[in-house]
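Since the structure comes first, as structure tokens, the remarks are kept for the end.
Coordinate-derived values only; no laboratory data. Just so it is clear, the model here is predicted, and its values are computed rather than measured.
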């Protein structure tokens with residue numbers, strides 16, 4: 001075999017090895033994005049689960065509170081309406097996670113329900129006899145635990161979204177996504193509602 005043929009073979013092998021290395025690198029980048037995206041979707045399911053748990057508790061809470069003598073009907077109606085709005089914007093994961101506007105709409109509806117619940121708890125302070133009812137105390141314990149779970153799951157969702165977004169926007173992954181048209185998009189984060197740091201005020 002001539003030296004020239006050996007040189008061509010070596011160059012061909014080098015090109016093949018380079019191509020294989022690049023292909024494996026691209027596969028790795030793509031698979032890492034898929035794994036990150038699925039982690040976000042899985043964590044979103046946990047968020048939805050705890051929000052659903054809260055929504056399921058509310059009818060029982062409303063009925064228990066309604067039994068209290070002369071309890072403010074307006075406050076209960078606000079809770080019922082806020083829960084109804086939450087049900088109207090509940091979408092599947094693809095719709096919410098791929099559409100920042102839908103994500104914002106979902107978050108806004110959940111925040112309105114949180115605000116309505118906070119106002120309900122403030123009003124309940126005027127009804128010491130209600131707080132002595134065992135069914136009410138049990139519901140409040142469950143609701144408090146659910147609110148804590150919501151906070152934890154939202155934080156975990158934000159962590160998963162951050163990890164995914166960092167990988168997506170890192171070099172050279174960002175270039176490959178645009179060049180090869182992989183179709184991965186950034187994920188939105190849960191944000192605190194403006195004014196959420198302030199306790200609700202009820203005028204007596």
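Across the range 16-55, Cα-Cα distances exceeding 13 Å account for 64% of all pairs. In the chain, the longest principal axis of the Cα atoms and the axis of helix 100-124 are about 30 degrees apart.
Between 0 and 90 degrees, the angle of helix 134-169 with respect to the longest Cα principal axis of the chain falls at about 20 degrees. Before anything else, pin down the relative contact order of the range 7-163: Cα pairs under 8 Å, at least 6 apart, normalised by residue count, whole percent. Answer for the range 7-163 is 37 percent.
Per the Debye formula on identical point scatterers at the alpha carbon atoms of the range 13-113, with no solvent, log10 I(q)/I(0) at q = 0.10, 0.12, 0.19 Å⁻¹ is -0.47, -0.58, -0.95. Provide, for q = 0.10, 0.19 Å⁻¹, the log10 of I(q)/I(0) from a solvent-free Debye sum over equal Cα point scatterers in the chain. These q points yield log10 I(q)/I(0) values of -0.58, -1.29. Taking Cα atoms only, the orientation of helix 3-66 departs from the longest principal axis of the chain by about 10 degrees. Summary value for the range 47-114: 27 percent relative contact order, contacts being C-alpha pairs under 8 angstrom separated by 6+ residues. Panel values: the range 73-191, Kirkwood radius from alpha carbon pairs, Stokes-Einstein at 25 °C and 0.890 mPa s, translational diffusion coefficient 143 µm²/s.
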